[in-house]
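The values are calculated or read from the model by the stated rules, or taken from the named source; none is laboratory data. These numbers come from a predicted model, not from an experiment. Here the Cβ is made from the backbone with ideal geometry for all residues, glycine too, and neighbour counts use every protein chain on show. With ligands, DNA and RNA removed, areas are computed over all heavy atoms of the protein, side chains included. Shrake-Rupley method; radii C 1.70, N 1.55, O 1.52, S 1.80 Å.
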Amino acid sequence: MLFKQQALLRQKLFVLGSLVIGSVLYLVARVGTLDRLQPICPIESRFHPSEPEQIPLRTLQFKRGLLHELRKGNATKEQIRLHNLVQQLPRAIIIGVRKGGTRALLEMLNLHPAVVKASQEIHFFDNDKNYARGIDWYRGKMPFSLPHQITIEKSPAYFITEEVPERIFKMNSSIKLLIIVREPTTRAVSDYTQVLEGKERKNKTYHKFENLAIDANTCEVNTKYKAVRTSIYTKHLERWLKYFPVEQFHIVDGDRLITDPLPELQLVERFLNLPSRISQYNLYFNATRGFYCLRFNIVFNKCLAGSKGRIHPEVDPSVVTKLQKFFHPFNQKFYQITGRTFNWP
Ligand code: A3P
């Protein structure tokens, strides 16, 4: 009899235990990262009281579940109305630099519960045909979000396109602008590698990097080569500064985003006046990929596509040195203007 009662008790305990574990697992998967299960510090205590934009906690906790469903394309008009969902113009734009790590930055920022990314590059401001379609067309390209979330888009062509600063200024003169940069020569080689891969895919031959980067007649750096021009960051930034004060820009270290992304993301959180919510839990190093990948929760994680993190071709060291020397004075100016210094050669 006693034995039977004990067995019954054990059975009940087992069922109860399974229910508790199941609920915890469900909560983790539904609500998001493990750290979200810990009590959230009041936003006020983490930030300076004068900081203007604060995100309601409800919004922070709500994002994952709802937006995950919407991404699957299940949003009905009723849901949009019920949850007060809106398509908002971006409050921050990653304007460049191409091959700086713009995709990684956008995807990593999207880990933040108060950030919603525009998945595609929209090319609204750099493409005349798109720009002629008007601001409502642009808004229509934005994802649905809760009113207190911020939308971010990235189109690296914005940084180098002449007309873009004025056009963005006309849309929102107080928008926040993010620029992610890498050591200029590495960035130029990365840019070349992307084009080379495109040519190879079409079975076309292509020049060697050295032949494009160096002018055969003068043996000097070929400033007509786009991959070189794009890496003269200060030249482009100066055009932007005709419209926006330097405080409206935040420079992200793309080289550090590769090796140690969290501190860079925390700086961006601060710049965007967002509570610090991206944690080490959200980023794990994947040895096979050789890069950090993203963990949203225990069931959902992802690495960037294989087109990010290509193997670069070997470049003649004398050409590398020549390029580094060429970029040096422009880099100095860039540090001076932005107040952010890098250990570039
Ligand atoms: P490489 O392909 O030269 O390595 P963009 O998104 O602006 O095109 O930048 C691409 C670069 O992002 C890649 O350049 C890669 O080095 C860098 N990157 C930074 N973080 C990454 C990550 N977590 N996964 C993959 N690539 C990353």
Once the in-chain neighbours fewer than 8 apart are removed, the aspartates and glutamates whose Cα is under 13 Å from K154 read E107, E121, D126
Taking the alpha-carbon centre of each part, the distance from region 91-106 to region 123-174 in Å is 13 Å
Round to the nearest 10 and report in Å² the accessible area of Y284, as given by a 1.4 Å probe over the protein chains' heavy atoms.
50 Å²
What is the spin-label model distance, in nm, from K333 to E210 if the labels are put 7 Å beyond Cα along the C-beta direction?
2.9 nm
On a full-extension model of 0.36 nm per residue, what is the gain between Y281 and Q11, subtracting their alpha-carbon distance, rounded to one decimal in nm?
93.7 nm
Percent of accessible area on region 270-340 owned by carbon and sulfur, 1.4 Å probe?
56 percent
Check the straight Cα-Cα distances from K322 and name the lysines below 20 Å, setting aside those fewer than 8 residues away within the same chain.
K208, K224, K226, K235, K333
Multiply the residue gap between W137 and I311 by 0.36 nm, knock off their C-alpha separation, and tell me the result in nm, one decimal place.
58.9 nm
For H328, solvent-accessible area (1.4 Å; no DNA, RNA or ligand), Å²:
80 Å²
